[in-house]
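Asker: Here you go, one structure.
The values are calculated or read from the model by the stated rules, or taken from the named source; none is laboratory data. Model, not experiment: these values are computed from the prediction. Glycine also receives a Cβ, built like all others from the backbone with ideal geometry; neighbour counts cover every protein chain displayed. Ligands, DNA and RNA are stripped out before the accessible areas are found, and what is left, the full protein with its side chains, is counted by its heavy atoms. Shrake-Rupley method; radii C 1.70, N 1.55, O 1.52, S 1.80 Å.
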Amino acid sequence: LSWIDVEHLILPKRVVYLQLSLITVALLADAVATHQWHRLIVALACSLVWFALFFILNFIDPHWLGFGDVRLALTLGLALGWLGVDEAILGFFAANLIGAAVGIALIAAGKIERSRRIPYAVFLTLGAAVAVFAGPALLTPFHLGS
């Protein structure tokens, strides 16, 4: 999806909905098999929060954020929420921090102008990867008292 977004500045809803469906089925199957219904509820809540935040941004100004990114947020919120609320929050903030850093660097280097749209799915994916692969190491210091 990130590469499609880079090339065409679009996230095909068929692909995003397929991805969302597969993740939902996998998490539902895992919840049934392990009886970890609380993880599924947390994942659904994180998914809805991500969706609501991105929907509001898209509603305020569709030039800020395409609706494909709103759909992708629903998917990533669900997947990261299954890992935990902390991972979902980390993924969200990492995506925005990476996106802001790259955007500012490209503007400062004169490679793009402020008005140019950049493919946000790349940063959403990178933020999710940070949460999945580096999340435990990044979040451990915050759980010392637990």
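Asker: For region 7-29, give me each residue that is open to solvent by 60 Å² or more (accessible area, probe 1.4 Å) and part of a loop (DSSP other than H, G, I, E, B).
Answerer: Correct list: Leu9, Ile10.
Asker: What's the total number of residues in region 30-48 that are touching a Phe, Trp or Tyr at 6+ places or on another chain (Cβ under 7 Å) and open to solvent by 50 Å² or more (accessible area, probe 1.4 Å)?
Answerer: Number satisfying all stated conditions: 1.
Asker: Sticking with this structure for a sec: Within region 6-56, can you find the residues that are farther than 17 Å from Gly68 by Cβ and among the small types (Gly, Ala, Ser)?
Answerer: Correct list: Ala26, Ala29, Ala31, Ala33, Ala43, Ala45.
For (1) of a type outside the set (A, V, I, L, M, F, W, C); (2) closer than 22 Å to Asp5 by Cα; (3) in contact (Cβ under 8 Å) with a residue 24 or more places away in the chain, each residue gets a yes or a no:
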residue: Leu72; (1), (2), (3): no, yes, yes
residue: Asp86; (1), (2), (3): yes, no, yes
residue: Val102; (1), (2), (3): no, yes, no
residue: Ala134; (1), (2), (3): no, no, no
residue: Ala137; (1), (2), (3): no, no, no
